[in-house]
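Structure first, then comments.
The values are calculated or read from the model by the stated rules, or taken from the named source; none is laboratory data. If you're wondering where the values come from, they're calculated on a predicted model, not measured in any experiment. Don't worry about glycine lacking a Cβ; one is built from the backbone with ideal geometry, like all the others, and counts go over all protein chains shown. When the accessible area is computed, the model is the full protein with side chains, heavy atoms only, and any ligands, DNA or RNA have been set aside. Shrake-Rupley method; radii C 1.70, N 1.55, O 1.52, S 1.80 Å.
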Amino acid sequence: MNVIDVLNREQLKSNVPEFRSGDTVKVYSKVVEGDKERVQMFEGIVTVRKGGGGKEAITVRRVAHGVGVEKTFLIHSPRVEKIEVSKRGIVRRSRLYYLTEKIGKAARVREKKVAR
Amino acid sequence: MKNILGRKVGMTSVFTDDGRHVPVTVIEAGPCTVVERRTKESHGYDAVALGFGAIKKTRVTRALAGHFKKQGVEATRFVREFRSGIDGVEVGQTVTVAGFEPGDRVDIVGISKGHGFAGGIKRHNFSGGGASHGSMIHRQPASNGDTNAGRVVRGSRRPGHFGVDRTTHQNLEVVRADAERNLLLVRGPVPGAKGALVVVRKSVKAASAAAEAK
């Protein structure tokens, strides 16, 4: 295996749960405030999951106080502490750009019932 | 010592310890041996010659073989001299990437990729003409200058051979130095093709900036 593949593989996390766009996830990321660092949680629907290897990224969307907020996270970044899946959604495409234009009830994603 | 020879492996991106995601060039650097010590008294200037890369005995020219023998060191494929940051370096000593730390600034010298005979757009960033609407100047260099002069001004940018030049990228940041695997990760691109020799030197700009700060 060449050196670059080894380097790339080393930085991948092993604890990333299985999820896809349409699912609702909680992302725990480290944020620096002044000189302090704390963990912040951001929960929302995964609208995009793209890239591979260390570049793999997700876009998470939520509506906070009536304003749509989208955040992108690099899954394998050391700043992203943990990702939890809270709901599975039923969607028919891999990139949910259409959610941006919908508001209220139309912006919902059907939930998949999962046996626990 | 913050000078070393290496081979460009390619590019990728890595996360740094402080959480940044940066594009890097991977350089397989060293281990190098100090092949010669040049001194002001006998050569007129102070320098250290580093050797890098294995070479078959039969491939070493007689002249170089004699040179290596005189210094009592193994023959190496590449030999390059360094003039700065060479205090206390002795012949026969091994130089590895252990001398580098993340955050160090380096200059990297390489031979740029060859582009053959290239036009003005690729070679000098000309903007080119229109693509359609009857424009007949697509990728042509257009005017060569004043017709009154009756000649082309020297040094004007024309199509021609592009690449395969000795190129230096200054002030590049060392992202990681892996002494175990002899790898040096430097932020951003580095001149040259994959597998080509690169010379890593202590940054000139960073050194002068540090001197000014004092």
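The table below gives the values:
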read-out: Single condition A:Met1 does not satisfy, out of (1) modelled with pLDDT under 90; (2) closer than 24 Å to A:Arg92 by Cβ; value: (2)
read-out: Residue satisfying condition, being more than 14 Å from chain A (Cβ to nearest Cβ), in contact with a Leu (Cβ under 7 Å, 6 or more places away or on another chain) and on the phi > 0 side of the Ramachandran plot, within set B:Gly188, B:Gly192, B:Gly155, B:Gly150; value: B:Gly188
read-out: Residue that is nearest to B:Glu180 (Cα to Cα) [pool: residues in segment B:53-106 that are open to solvent by 50 Å² or more (accessible area, probe 1.4 Å) and of a type in the set (Asp, Glu)]; value: B:Glu101
read-out: For B:Gly44: the one exception among (1) on the phi > 0 side of the Ramachandran plot; (2) at pLDDT below 85; (3) of a type outside the set (A, V, I, L, M, F, W, C); value: (2)
read-out: Residue pairs meeting the criteria (Cβ under 6 Å; at least 6 apart or on separate chains; first on the phi < 0 side of the Ramachandran plot and acidic (Asp, Glu), in segment B:165-177; second open to solvent by 30 Å² or more (accessible area, probe 1.4 Å) and in a strand (DSSP E or B)); value: B:Glu173/B:Arg187
read-out: Flag for A:Val67 being modelled with pLDDT of 90 or more, farther than 30 Å from B:Glu180 by Cα, of a type in the set (Val, Ile, Thr) and open to solvent by less than 90 Å² (accessible area, probe 1.4 Å); value: no
read-out: Of all residues making up segment B:158-185, the number that are basic (Lys, Arg), surrounded by fewer than 18 Cβ atoms within 10 Å (Cβ to Cβ) and within 14 Å of another protein chain (Cβ to nearest Cβ); value: 1
read-out: A:Asn15 within 14 Å of chain B (Cβ to nearest Cβ), open to solvent by 70 Å² or more (accessible area, probe 1.4 Å) and not basic (Lys, Arg); value: no
read-out: Cβ-Cβ under 7 Å pairs, at least 6 apart or on other chains, segment B:192-205 side open to solvent by 20 Å² or more (accessible area, probe 1.4 Å), far side small (Gly, Ala, Ser); value: B:Lys194/B:Gly10; B:Ala196/B:Gly110; B:Lys202/B:Ser84; B:Lys202/B:Gly85
read-out: Unmet criterion (only one of (1) more than 14 Å from chain A (Cβ to nearest Cβ); (2) among the aliphatic types (A, V, I, L, M); (3) open to solvent by less than 50 Å² (accessible area, probe 1.4 Å)) for B:Ile27; value: (1)
read-out: Hits in segment A:70-83 (condition: more than 14 Å from chain B (Cβ to nearest Cβ) and at pLDDT 90 or above); value: A:Glu70, A:Lys71, A:Ile83
read-out: Yes/no for A:Lys105 being free of Cβ contacts under 8 Å to residues at least 40 places away in the same chain, more than 29 Å from B:Thr16 (Cβ to Cβ) and of a type in the set (D, E, K, R); value: yes
read-out: Of residues in segment A:23-38 being away from chain B (no Cβ under 13 Å) and touching a residue at least 24 places away in the same chain (Cβ under 8 Å), the one farthest from A:Gly89 (Cα to Cα); value: A:Tyr28
read-out: Strands (runs of 3 or more DSSP E) wholly inside segment A:1-113 that include at least 2 residues being among the polar types (S, T, N, Q) and within 13 Å of the chain's Cα centre (by Cα); value: A:24-33
read-out: Restricting segment A:42-64 to residues that are away from chain B (no Cβ under 14 Å) and open to solvent by 50 Å² or more (accessible area, probe 1.4 Å), the residue that is nearest to A:Arg93 (Cα to Cα); value: A:Arg49
read-out: Segments classed as strands (runs of 3 or more DSSP E), wholly inside segment B:1-72, with at least 2 members that are more than 20 Å from B:Val97 (Cβ to Cβ); value: B:32-38
read-out: Breaking point among (1) touching a residue at least 12 places away in the same chain (Cβ under 8 Å); (2) under 25 Å from B:Ala196 (Cα atoms); (3) open to solvent by 100 Å² or more (accessible area, probe 1.4 Å), for B:Glu36; value: (3)
read-out: Yes/no for B:Gly6 being within 14 Å of chain A (Cβ to nearest Cβ), under 30 Å from A:Arg79 (Cα atoms) and in contact with a helix residue (DSSP H, G or I) (Cβ under 9 Å, 6 or more places away or on another chain); value: no
read-out: Residue tally, condition surrounded by 11 or more Cβ atoms within 10 Å (Cβ to Cβ) and over 26 Å from B:Ser13 (Cβ atoms), over segment A:31-41; value: 1
